[in-house]
1. Tell me which DSSP H helices of chain B clear both cut-offs, 27 Å or more of axial length from alpha-carbon atoms and a mean Kyte-Doolittle hydropathy of at least -1.0.
2. Sequence-distant or interchain residues sharing an amide H contact under 5 Å with B:Tyr312, placed H: which?
3. Grab the DSSP H runs of chain B that are 4 residues or longer, score each as -39,500 (n - 2.57), total them, divide by all residues and round the 222 nm result to the nearest 500 deg cm²/dmol.
4. Convert each backbone phi in region A:76-85 into a coupling constant with the Karplus relation 6.51 cos²θ - 1.76 cosθ + 1.60 (shift: θ = phi - 60°), then list the ³J(HN,Hα) values in order as whole Hz, x for Gly and Pro.
5. Post the alpha-carbon centroid distance, region B:22-75 to region B:202-248, in whole angstrom.
6. Search the structure for amide H atoms under 5 Å from the amide H of B:Ser74, placed 1.01 Å from N in the peptide plane, and list their residues when 5 or more places away or on another chain.
7. Starting from the Cα of B:Thr194, move 7 Å in the Cα-to-Cβ direction to define the label point; list residues of region B:268-286 whose amide nitrogen is under 19 Å from there.
8. Applying the Karplus parametrisation 6.51 cos²θ - 1.76 cosθ + 1.60 with θ = phi - 60° to the phi angles of region B:142-148, what ³J(HN,Hα) value in whole Hz is obtained for each residue in order, glycine and proline being reported as x?
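The values are calculated or read from the model by the stated rules, or taken from the named source; none is laboratory data. Model, not experiment: these values are computed from the prediction. As a convention, Cβ positions derive from the backbone with ideal geometry for all residues, glycine included, and neighbour counts pool all protein chains shown. The protein model used for the area step is the full one, side chains on, heavy atoms only, and it has no ligands, DNA or RNA in it. Shrake-Rupley method; radii C 1.70, N 1.55, O 1.52, S 1.80 Å.
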Amino acid sequence: MANCSHEDLISNIKSGKRVVEEAPKHGHQHGKKPKLSHASKREAIYKGRKIRIRTTYKIEIDGEALTVPFTVSDDGRVHCHGLPNYAAISALDLVRRLIDTSPKEQPDDEIAALLAKKAGGHRS
Amino acid sequence: MTAIRQNILVGDTARDQFLQGVVLLDQEMTGIRVVDLANFAQNNGIPLQFEGINQEVSTYDLFVFWHMIAAAFSLQVGNAAHGGPVFLPWHRMYLIRLEQELQRVLGDPDFGIPYWDWASDGEMAPEQQWRTELWSDLYLGEARGLVRSGPLGNMRVRLYQVPQTVRVTSDQPRPVWRQAALNAQSLPDRIDETSALAEQDYDLPPWSRFVTRGHRNALEGFLGGTTMHNLVHVWVSGDMLPMSSPNDPVFFLNHCNVDRIWETWMADNGQVYRPAANEGPSGHRISDRMLDVFGGDLAPADVLDPQEWYTYDTLLNV
Ligand SMILES: [Cu+2]
C-alpha cells in the first residue's frame, strides 16, 4: 500500500497498463453494437419440480429502443446498470425512473437548460 | 500516524479540509485525456463506451473513472466493486486511496475523511431532511439543482454516465447536480441501521444482491427493496445515481459512514469475511486481488483491519 503513489496512478492509466489478471465475465462487447435485449434466468426447485424462467425486456421510449439491459431478480424486482442502486418494483417503474432521473428531462431544473445549450453548441 | 475519521457535523477542520481537498484534486490536471481512459479500459477488457469531447481530466476525475470501470467489470456475481461480498472491502480500499491523495494535496498526513451519519437525519421528518445545515454553503451546498454555493460550487463534472445508455459522456465541465428527496422519500433511519448490524453472517450463498440475509447485502441496500447505502444514493439523486456517482463528493461521506457501520459490525462479530479462498464466486473471495488502478495488490483479507490507515472517532452504540 505504501508504495502506491500518485505517480503510479498517472503512469498506469496513461500507459494503458493491464491491472487485472483476466477479462471480465461479460466483457465481450468490443466492436459490437450494444444488445437491445438481455435475458435474465430464474431457476428454482419447488416440490421436486425444476422451474426455469427466462425474461427478456424490449423497451422503447417514444419508439426509440432503450439499450441498457434490464434484469429481474427472484423477488420480481427489476434492475439496470444505469441506476445501479435502485431496485424497481416493475419494469415500468424502472423506465419511469430513468426518465425522472435523466438530467436532460428536468424542465424546471437549470441542468436541462445547461445540457441543451451544450448540445446546441456541439451541432453548430 | 493514523488518521481519525470524524462526523462531518462535529469536526469543522476535517469538514473544511475535505471540501478544500476534493476541489484541489478536481483542479489538479493530469495530462491524461479521455482517449487515454478509453484505451486503458480497452486494454483491461472492460466494455465501457465513451462519447463527447477528448478533454484533459483531473486526479478527481480518475477516481470517478476508476469507480466506473470497476462497476463495468462484470463477474460471475455482481461486478468488481458491487453486488457481492467485495462491495465493502473494495470501497474501503477506494476510500483509503482517496484519503491518501487528499493527505498529499492538503499536506496533512493525518487527515481523515469525515463521515455523514445519515441515519440521524433519517430520524427527522422527510421534509426536514434535505433542509439541514449539511446542505448549506458551510457544508455541501445546494440539495437540489446545480451546486453553486460553498466550496463545492468550484467542483466541475467532466465525465458522467448517462443512465439510459450507460455510455460515459465527456462534456464541457459543469457544476455537480442534485435532486435530494425527490426520488426517495426518506433517508435510512436508526432501525434500518440496527437491523443491518443484527445480521449474524457477513455474507452467504448465493453471495449476490439476491441474498436474503447477511450484513453485506443489508448494508449495500438490496435487502427489502432500496435501502441503506443504495437508498442514500437514490435520496441524493442527480449525479449520485449512475456509476459516475463519485462526481458528487457526498459519495465519500456516504461510503465513509457505510465503512463505519461495517467497522461497528466487525467490532461486534470479529474480523470475519466470507467467502473464504476456496468457496464462492471469483473476484469476491477473501484472497482475490481487488481492482486497483494504482496497481496495488490488496485483497479483502488485507483491509479487514484498517488501523494502519485510520480509526473512527466513535463507532455506533449497539
Ligand atoms: Cu460504488
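1. Values: long enough: B:87-106 (28 Å, -0.10); B:250-269 (28 Å, -0.14).
Answer set is B:87-106, B:250-269.
2. Close amide H contacts, sequence-distant or interchain: B:Arg5.
3. So the calculated ellipticity at 222 nm is -11000 deg cm²/dmol.
4. Couplings: x, 6, 10, 9, 9, 5, x, 10, x, 9 Hz.
5. Here the answer is 23 Å between Cα centres.
6. Residues meeting the amide H criterion: A:Lys25, A:His26.
7. It comes to B:268-269, nothing else.
8. For region B:142-148, the Karplus curve yields 3, 7, 9, x, 7, 7, 10 Hz.
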